[in-house]
Amino acid sequence: MKHDISPAWPAGVPSKDLAMSRDYDETIADHYRKVAEQEGLSPTSTMADEIVRAMETDAITRFLDAAHAAKTGASSGTFRIADIGCGNGYTLGVLAQRNPEREFTGIEFSNELRALAETRVREDKLANVAIRPGDVRDPNFADNEHFDAAYCQRVLINLMDAADQRHALDNMIAKVKPGGALLFIEAFSSALNNLNEAREEFDLEPIPAAHHNLYLEDDFFTHPLLAPFESAAWSVPPNLLSTHYYVSRVLAPVLRRPKPFKRNSHLAKFLSEALPPAIGDYSQLRIFAFRKSDEG
Ligand SMILES: C[S@@+](CC[C@H](N)C(=O)[O-])C[C@H]1O[C@@H](n2cnc3c(N)ncnc32)[C@H](O)[C@@H]1O
């Protein structure tokens, strides 16, 4: 399998000279450079909350199984999957080891995170994974490859311009074959507002959106080429993470008073496991699965 390692963000070339450059590029590049340095190959890279990480991985696994089952019904051949904005390749590693017969391509813009993903592929001998540079704002990202399924975890919110986010969505959809499947885990302003209203009831300070993110509007995924992904094997609702966010960002901080916020506390883990998921709309992260139109 080809491993293209030419950099998307060439060393020594200021980002403003690149075709896709924007004034927010340095903010994003700096953020992920630090993440790469501090977290290395850890699962906590880009996601410090262990429960959110586990639930995201589980949802993506279920989604790909359902998408694979849908494709097997229609035609055969290798099932090809894109992880768009694959970071250090943690999710790719889990999925590729679970399903060695599927082919995975990780696309990553940050040089430092992409280098880590390449290290993972080499060290774990993941023969079914290729890592490629790419900028989702570029309609030609991933060259001429087309995938049966694609997923991305918290990637569109890194484009801190609403028009860039919409173009990137078009570009991602274009990389999936007609009838293929797409999963997005992205953050939404309205859900963060709900969470902060719930916190306010207990005089907790509002949680701001991360400095390197632009959260999406509720209708962001309304698109002529996207229909809800429907399958007996897929039942994950957009608000899957809501209970966990309410528990870990409202209940646990209140119950722990006057102690400060503690990430991944036993209390939050216990309550999140004890309660049913997907209650309310308190998680800024929502999960959306789509089927691309056959005409696209
Ligand atoms: C929140 S991180 C998630 C990374 C990985 N999927 C994970 O779960 O750890 C978002 C990723 O999107 C990447 N990214 C940001 N802007 C991008 C762009 N324009 N094109 C491609 N990837 C981008 C970042 O470098 C980062 O790796």
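Non-local lysine pairs in the chain, meaning eight or more places apart or on different chains, with alpha-carbon distances under 24 Å, amount to 11. For trypsin sites (Lys or Arg not before Pro), the sites in the stretch 261-293 that DSSP calls loop and that have at most 13 other Cβ atoms within 10 Å are K262, R263. Would any residue of the stretch 24-60 have its amide N under 13 Å from a label point 7 Å out along Cα→Cβ of H212? List them or say none. Under 13 Å, as judged by backbone N against the label point of H212, lie 24-40, 45-48 of the stretch 24-60.
Helix 162-174 versus the longest principal axis of the chain: what angle, 0 to 90°, nearest 10, using Cα atoms? Compared with the principal axis, the helix lies near 50 degrees. Taken along the Cα-to-beta-carbon direction at a fixed 7 Å, the label points for T44 and A163 span 4.0 nm. In plain terms, the chain from D58 to Q97 could stretch by 12.6 nm, reckoned as 0.36 nm per residue minus the Cα-Cα distance.
With neighbour counts taken as other beta-carbon atoms within 10 Å, the residues I51, I84 rank, fewest first, as I51, I84.
The calculated 222 nm mean residue ellipticity attributable to helices in the chain amounts to -11000 deg cm²/dmol, summing -39500 (n - 2.57) over DSSP H runs of n ≥ 4 and dividing by all residues.
Among F202, F63, F188, rank each residue by its count of other Cβ atoms within 10 Å, from fewest to most, as a rough exposure measure. The fewest-first ordering by Cβ neighbours comes to F202, F188, F63. Computed extension length for A227-R257: 6.3 nm, one decimal, from 0.36 nm per residue of separation with the Cα-Cα distance subtracted.
Relative to the longest principal axis of the Cα atoms of the chain, the long axis of helix 111-123 lies at roughly 80 degrees. If you bin all the Cα-Cα distances of the stretch 130-269 at 10 Å, starting from zero, the percentages per bin are 10, 33, 30, 20, 8, 1. Projected label points at N144 and E200, each 7 Å from Cα along the beta carbon direction, are separated by 5.5 nanometres. Taking the inverse of the mean reciprocal distance over all distinct Cα pairs, the Kirkwood hydrodynamic radius of the chain comes to 19.8 Å. Reported value for the stretch 15-161: 116 Å³ per residue, from the convex hull of its C-alpha atoms. Taking only Cα atoms, what is the 0 to 90° angle, nearest 10, from helix 50-74's long axis to the longest principal axis of the chain? Taking Cα atoms only, the helix is inclined about 40 degrees.
Values in this text are rule-based calculations from the coordinates and carry no lab data. All figures in this text were calculated on a predicted structure; none of them were measured in a lab. Cβ atoms come from the backbone with ideal geometry, glycine included; neighbour counts cover every protein chain shown.
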